[in-house]
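Notes follow the structure.
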Amino acid sequence: MMPPDCWLCDKGQNTQDDCELICFARTASDQEWHDQAASPFARPDHPPDCGWFCNDHIETARSLVHCDLKSALDHIRTNESWHLIYIDLFDRETPPMVQTSGVGLESGLLRFWDQILATIEVSGVRYPSDYRLSLTCGLPDYSLNRDDSELLTIKQFLSDQNDAAKVERHIVQSQASVMRANGHQAAVQWLTELCTQITEQADPDLLKDQGQ
């Protein structure tokens, strides 16, 4: 069995991050391996249709379990790679900079939300920094309009939660799922609808399916 290190990033044993084994659709050769592994004389080995994934990449992997492992990894690395872009609004002459990069919509959106939420206080005070998520699969960059109230709505909503980090992950997972299925604009519209529900409901319907 291969060590429990994420197949999409550097998290795992060395970083003390738990990883989960996710199994994908079997190819003919994968099935042959399993048939041979069923023999009482078989030596333990890592299943060729399974891989380890950290908490940031579990949902990304699960979204492609209908594919074989190689196809799933190729798809993620080709279609779900991203760069988090930092924008200095205090010094307008400073060009936007790539702060970090990775793969997986959930991972990218989580980094985006972690950083963008730190640019605003619950009171509404906004710091002169901004971020956008550059998606290298041809989708438009994802960002929030500074003139809209959505960022403040999410910030205030999370501040009232007992486990804000968990709820933030619920938001990320839902938004990534929508973006993966229906594109960039659908993810933008989903957030707008969520913010509307937050102002009207104590328990937004859009988060119930994610366990909120």
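Read the figures in this text as sums done on the coordinates, not as results from a lab. Note that this is a predicted model, so its numbers are computed, not measured. Every residue, glycine as well, gets a Cβ built from its backbone with ideal geometry; the counts of neighbours run over all protein chains shown.
A few points about this structure:
- Pairwise FRET efficiency - Gln31 versus Asn79, Cβ, R0 = 30 Å, nearest 0.05: 0.65
- A convex hull fitted to the Cα coordinates of region 100-212 yields 105 cubic angstrom per residue.
- With contacts taken as Cα pairs under 8 Å and at least 6 residues apart, region 19-78 reaches a relative contact order of 48 percent.
- Shown for the chain: lysine pairs separated by 8 or more places, or found on different chains, whose C-alpha atoms are under 20 Å apart, numbering 5.
- Approximating the spin labels as points 7 Å out from Cα along Cα→Cβ, the Ser39-to-Ala186 distance works out to 4.6 nm.
- Centroid-to-centroid separation of region 142-201 and region 53-77 [C-alpha atoms, Å]: 23 Å
- Value of relative contact order over the chain, rounded to a whole percent, pairs C-alpha under 8 Å and six or more apart: 14 percent
- Here region 19-78 is treated as a sphere whose radius is the Kirkwood value from Cα pairs; by Stokes-Einstein at 10 °C and 1.306 mPa s it diffuses with a coefficient of 130 µm²/s.
- Normalised per residue, the volume of the convex hull around the Cα set of the chain (Å³): 144 Å³
- Between Ser101 and Cys67, residue separation times 0.36 nm minus the direct Cα-Cα distance comes to 9.8 nm.
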